[in-house]
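In what follows, a structure is listed as structure tokens, so that the remarks can point back to it.
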Amino acid sequence: MTKKSPTPTLRLLALAAACVVCGTATAGEVEVLHWWTAGGEAKAAAALKATLQGKGHTWKDFAVAGGGGDSAMTVLKSRVVSGNAPAAAQIKGPSLQEWAREGVLANIDDVAKAEKWDTLLPPVVADVMKYKGNYIAAPVNVHRVNWLWANPEAFKKAGAKVPTSWDEFFVAAEALKKAGIIPVAHGGQNWQDFTTFESVALGVGGNDFYKKALMQLDQGALKSATMEKVLTTFKKVKGYTDKNAPGRDWNLATAMVIKGEAGMQLMGDWAKGEFVAAGKVPGKDFVCAAAPGTSKAFTFNVDSFAMFKLKNDANVKAQKDLAAAIMSTEFQEVFNLNKGSIPVRLNMNLAKFDDCAKLSSKDFVDTAKSGGLVPSIAHGMAVPSAAAGAMQDVVSQFWNSDKMSAKDAMDKLASAAKSK
Ligand code: GAL
């Protein structure tokens, strides 16, 4: 618990007061599937739990560890297939439509209308939360994926400068290596490989290439000289990771940067949640910078909770209360301060947010105007899950193989993109 948390007595009083308003007759239970188990993530999940409990309902935690959520999605599928869906599950992007098509999601349009979500959300987000015009999910945040996290002390020791291009990245990586510091903290898990790949694709190929290759899945772009350069650059990054990278969790990679064992990490801003949870201050103890070559772009990753159809009225009420609470200004602030993301609700006061969040917020708005705002393919926002999953596998095979050429990888990637 943080120092700022209310005492147990205060919390109980708040709960009791909330229950006078809500009435015990309507108290329900919400089982929530998520994968937020790392430091900053867990604090953010605790804020969600407290918000629901504040409405007098019971929170049933359904946490499935594993960054990026691949394991959580596997578990969710088996639960739904066996007719035992949770009330709410962390589902994102095009997958929301896939689940809605199965007929298992609840329509929460009454909540959205009452709370005026259409006026509070950027259209690019609102559209994804709807199926056939009705809201089926509630968004919590906007994560930016194309970040580079750096330890300024390590950079000072190495006499290196935080890179703004991929050429500079490798100059800095060499300098860090010479200084005895692991240049790049990486966790060799498929989703982390894909996260790095996506930032390299954006930085090396530019916004238009990213859109053609990784959003439209254009065969010509997937099999182009630019893609070959992207793959070659991506593989070069591996040479600056350590031998213990395979299988490492992302938050342990972040911890290496926090401690100065490693110089940098390419990761979305949930990494900031780890720095902050460790008491580190941006600009002083760590640096956030756009991933090389991507300062005019923003790969967005919006976390959201899909609501499943339920039978019990009290639980439906609890589920709707959760959806409404998720979009409140109070929740958006406390949740995102811990999560490292920015509020998804428009026009929020960001006074309590740090400079990384303020930069993210400014870039979100600017890139929406300039055309540089793109969905993250590595985090399930850009293409259907079958194509994303198959492409992710190819990217990791290429990363791990000593034999596969960039040309071979390119061909495999192009055919993986056709997966349905
Ligand atoms: C992302 C998710 C983030 C964060 C990250 C690592 O896919 O959107 O909220 O949890 O995985 O677990």
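Working from Cα pairs under 8 Å separated by at least six residues, relative contact order for the chain is 26 percent.
In the chain, the portion of solvent-accessible area held by carbon and sulfur atoms comes to 55 percent [1.4 Å probe, whole percent, DNA, RNA and ligands not counted]. I want to verify a result. In a Gaussian network model of the chain, Cα cutoff 10 Å, which of these has the top mean-square fluctuation: Asn107, Asn251, Asn400? Answer for the Gaussian network model of the chain: Asn400. If you take all other residues with their beta carbon under 14 Å from the beta carbon of Phe170, and give Lys and Arg +1 and Asp and Glu -1, the sum is +4.
Dividing the convex hull volume of the alpha-carbon atoms in segment 275-420 by its residue count gives 189 Å³ per residue. Per-residue Karplus couplings for segment 218-225, computed as 6.51 cos²θ - 1.76 cosθ + 1.60 with θ equal to phi - 60°, are listed in order as 5, 4, x, 6, 5, 10, 10, 4 Hz, Gly and Pro entered as x.
Note that the chain presents 42 Å² accessible area per residue, ligands and nucleic acids not counted, probe 1.4 Å. Phi angles across segment 65-80 convert, under the Karplus curve 6.51 cos²θ - 1.76 cosθ + 1.60 with θ = phi - 60°, into 3J(HN,Hα) values of 4, x, x, x, x, 4, 5, 4, 5, 5, 5, 4, 4, 5, 5, 5 Hz, Gly and Pro given as x. Using alpha carbon centroids, what distance separates segment 155-211 and segment 61-140, in Å? Distance between centres, Cα-based: 33 Å.
Put simply, the amide H of Ser224, placed in the peptide plane, has no neighbours under 5 Å, leaving out anything fewer than 5 places away on its chain. Taking the Cβ of Lys130 as the center, what net charge do the other residues with Cβ under 15 Å away carry, scoring Lys and Arg +1 and Asp and Glu -1? Net charge in that neighbourhood comes out at -1. Summarised as an ellipsoid, segment 54-94 has semi-axes of 20, 14, 10 Å, derived from the eigenvalues of the Cα gyration tensor scaled by 5 and square-rooted, with the largest first. Per the Cα gyration tensor, the chain maps to an equivalent ellipsoid with semi-axes of 36, 25, 19 Å, ordered largest to smallest. Mean separation of Cα pairs under 8 Å and 6 or more residues apart, divided by the residue count, gives segment 294-420 a relative contact order of 28 percent. Using only the alpha-carbon atoms, how far is helix 166-178 inclined from the longest principal axis of the chain? Give it as 0 to 90 degrees, nearest 10. Between helix and principal axis, roughly 80 degrees. Between the helical axis of 329-339 and the longest alpha-carbon principal axis of the chain there is an angle of about 40 degrees. Compared with the dominant principal axis of the Cα atoms in the chain, helix 406-416 is inclined by about 30°. In segment 113-193, Cα pairs under 8 Å separated by at least six residues give a relative contact order of 14 percent.
The values are calculated or read from the model by the stated rules, or taken from the named source; none is laboratory data. Everything numeric in this text was worked out from a predicted model, so none of it was measured. Positions of Cβ are generated from backbone atoms using ideal geometry, with glycine treated the same way; all protein chains shown enter the neighbour counts. All accessible areas refer to the heavy atoms of the entire protein, side chains included, with ligands and DNA or RNA removed. Shrake-Rupley method; radii C 1.70, N 1.55, O 1.52, S 1.80 Å.
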